[in-house]
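Structure record follows, encoded as structure tokens.
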Amino acid sequence: MNNFEYCNPVRVVFGKNTIAKLADLIDPARTILLLYGGGSIKKNGVYEQVQAALKGRKVIEFAGIEPNPRYETCMKAVELARKEKVDFLLSVGGGSVLDGTKFIAGAIPFTGGDPWQILTSGGGALQSALPIGAVLTLPATGSEMNCFSVISRDSTQEKLAFGNPKVYPAFSILDPEITYSLPQNQLRNGIVDAFVHVMEQYATYSINTPLQDRQAEAVVRTLIDVAPDVLSKKDYDSRANFMWAATHALNGIISCGVVEDWSTHMIGHELTAFFGVAHAESLAIVLPGMWQHQFANKKDKLAQLARRIWHVVDGNVDTQARAAIEKTAAFFHSVNMPTRLSDYNISKTDIEKVIERFRQRGTTLGEHQAIRADQIREILTLCL
Ligand code: NZQ
Ligand code: ZN
């Protein structure tokens, strides 16, 4: 097992009617900036619950953080927060609102020039951050219990991630009933995003980490088991199990001491930046092609996945690993998630933009740092 440090300071408040607990979770002396997205919280009653819990508090609002939160929008919130001297940020929304809030929390006190440097430095340039609380309305990203954030910039068509322990939320409220208002495509996206998060921390090569392997398998097995009910009914137990599984998929616990490979996410982010496909949609396109291309590196773990998750017993390691790729694609299709670039009319010519960007950055991806621009062309060609 590799060396690691693990510390997760997020207080998770999970269950029915937990939004009311905001009253106890936020110090009454704070001036709160309440951040939200395009208005879903005003249609499903969440906004009213937040207002009721914060009655009598000093609350300033900032609405309009969009899916794939934009730097340009976040900077408007930074301006407002500085003007109003807010000292607590409350995110009420999905991963995008929370990611935007994390960036805003670091950008408000930033004194080193353009806060975009927080992104270009991967989080290293972040100096300090305002405290953050979250009411999560969409299970998917794990942002509610991690210190990562992904921000897009219109002017440069970039989508960059940063991580810094200073932006862990102080608390995250997870009420599964809030998910009842989610449309089918967002539920599907959440299931697939969480599934791929687990795979980026699992489908590499084994360094003898049986506990982490079993923990990762528990998360994906739970996602597969609950998916049909999540998509077909408003049932508390399946939503609760989905929500908690999605949190576990990226809260740092399954990555302790293991070998990770986030190349599907890195390539997926560029598909979103250039072609506007949703985050989870981009992952479902890239993952099967990535596994085919990286078959030799990943086949032992893929075969283990096939045996333990889908009970594939026949054949050798190669056959079982191929079964894992097929069954993963079939799982994506079962939740109505397309898996090809052509499903979004993205052509062989279009993908050259993505390849050129990786070439310019000189990025190397993969658990052996062996995936460069030319290999990314081969991978995306398998995804056409
Ligand atoms: O904006 P509103 O009106 O709230 O509507 C949102 C949005 O349109 C809607 N929604 C959210 N909760 C709802 C709801 N509609 C009805 N009922 C509810 N309860 O859903 C739409 C999508 O929301 P968004 O926050 O964009 O989705 P998600 O949580 O999937 O976040 C995606 C973003 O997270 C990043 C992605 O790249 C993308 O930008 N990621 C963040 C990560 C992290 N911080 O660790 C890791 C991930 O890999 C990912 O990259
Ligand atoms: Zn993701």
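Suppose we keep only residues that are more than 16 Å from ligand 1 (Cβ to nearest atom), part of a helix (DSSP H, G or I) and not charged (D, E, K, R) within region 52-90. Which one would you say is surrounded by the fewest Cβ atoms within 10 Å (Cβ to Cβ)?
The extreme case among them is Ala52.
Can you pull out the strands (runs of 3 or more DSSP E) entirely within region 91-207 that have at least 3 residues that are of a type in the set (A, V, I, L, M) and outside the structural domain of Lys299 (by TED's automatic domain parsing)?
132-136
So, in region 349-367, how many residues would count as being under 25 Å from Asn189 (Cα atoms) and either outside the structural domain of Asp225 (by TED's automatic domain parsing) or in a loop (DSSP other than H, G, I, E, B) (or both)?
Number satisfying all stated conditions: 2.
Scanning region 11-48 for residues that are at positive phi and surrounded by fewer than 13 Cβ atoms within 10 Å (Cβ to Cβ), which turns out farthest from the chain's Cα centre (by Cα)?
So the first thing to find is which residues in region 11-48 are at positive phi, and the list is 15, 17, 39, 45.
Retained after the next criterion (residues that are surrounded by fewer than 13 Cβ atoms within 10 Å (Cβ to Cβ)): 17, 39.
Numbers: Asn17: 25, Gly39: 21 Å.
The selected residue is Asn17.
Conditions tested, residue by residue: (1) without any contact (Cβ under 8 Å) to a residue 12 or more places away in the chain; (2) not basic (Lys, Arg).
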{"position": "Met1", "(1), (2)": "no, yes"}
{"position": "Arg11", "(1), (2)": "no, no"}
{"position": "Leu34", "(1), (2)": "no, yes"}
{"position": "Gln51", "(1), (2)": "yes, yes"}
{"position": "Lys58", "(1), (2)": "no, no"}
{"position": "Gly64", "(1), (2)": "no, yes"}
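So how many residues does region 172-197 have that are surrounded by 20 or more Cβ atoms within 10 Å (Cβ to Cβ) and either under 12 Å from Ala240 (Cα atoms) or aliphatic (A, V, I, L, M) (or both)?
12
Got a number for residues in region 256-279 being part of a helix (DSSP H, G or I) and either closer than 21 Å to Thr156 by Cβ or away from ligand 1 (no atom under 14 Å from the Cβ) (or both)?
Summing the residues that are part of a helix (DSSP H, G or I) and either closer than 21 Å to Thr156 by Cβ or away from ligand 1 (no atom under 14 Å from the Cβ) (or both) in region 256-279 gives 12.
If the requirement is being without any contact (Cβ under 8 Å) to a residue 12 or more places away in the chain and either in the same structural domain as Ile309 (by TED's automatic domain parsing) or closer than 15 Å to Met199 by Cβ (or both), which of these qualifies: Ser238, Ser232, Ser255?
On inspection, the qualifying residue turns out to be Ser232.
Only one of these conditions is not met by Leu211: (1) in contact with a helix residue (DSSP H, G or I) (Cβ under 9 Å, 6 or more places away or on another chain); (2) assigned to a helix (DSSP H, G or I); (3) away from ligand 1 (no atom under 16 Å from the Cβ); (4) hydrophobic (A, V, I, L, M, F, W, C). Which number is it?
If we test Leu211 against (1) in contact with a helix residue (DSSP H, G or I) (Cβ under 9 Å, 6 or more places away or on another chain); (2) assigned to a helix (DSSP H, G or I); (3) away from ligand 1 (no atom under 16 Å from the Cβ); (4) hydrophobic (A, V, I, L, M, F, W, C), just (1) comes out false.
What are the residues in region 182-208 that are away from ligand 1 (no atom under 16 Å from the Cβ) and either over 15 Å from Leu287 (Cβ atoms) or free of Cβ contacts under 8 Å to residues at least 60 places away in the same chain (or both), if any?
Once the filter is applied, which keeps residues that are away from ligand 1 (no atom under 16 Å from the Cβ) and either over 15 Å from Leu287 (Cβ atoms) or free of Cβ contacts under 8 Å to residues at least 60 places away in the same chain (or both), region 182-208 yields Tyr205, Ser206, Ile207, Asn208.
Taking Ile346, is it over 22 Å from the mean Cα position of the chain (by Cα) and part of a loop (DSSP other than H, G, I, E, B)?
yes
Here are some residues: Val150, Val167. Which one is within 16 Å of ligand 2 (Cβ to nearest atom) and β-branched (Val, Ile, Thr)?
Exactly one of Val150, Val167 is within 16 Å of ligand 2 (Cβ to nearest atom) and β-branched (Val, Ile, Thr), namely Val150.
Please go through region 328-343 and pick out each residue that is crowded, with 16+ Cβ neighbours inside 10 Å and either at pLDDT below 95 or part of a helix (DSSP H, G or I) (or both).
Those that are crowded, with 16+ Cβ neighbours inside 10 Å and either at pLDDT below 95 or part of a helix (DSSP H, G or I) (or both): Thr328, Ala329, Phe331, Phe332, Leu341.
If we keep just the residues of region 107-147 that are more than 20 Å from the chain's Cα centre (by Cα) and of a type in the set (Ser, Thr, Tyr), which is farthest from ligand 2 (Cβ to nearest atom)?
Checking each candidate, the answer is Thr111.
Within region 233-266, can you find the residues that are of a type in the set (A, V, I, L, M, F, W, C), within 14 Å of ligand 2 (Cβ to nearest atom) and touching a Gly at 6+ places or on another chain (Cβ under 9 Å)?
Ala246, Ala249, Leu250, listed by residue number.
The values are calculated or read from the model by the stated rules, or taken from the named source; none is laboratory data. Worth saying up front: this structure is predicted, and the values here are computed from it rather than measured. A quick note on method: Cβ atoms are made from the backbone with ideal geometry, for glycine too, and the neighbour counts reach across all protein chains shown.
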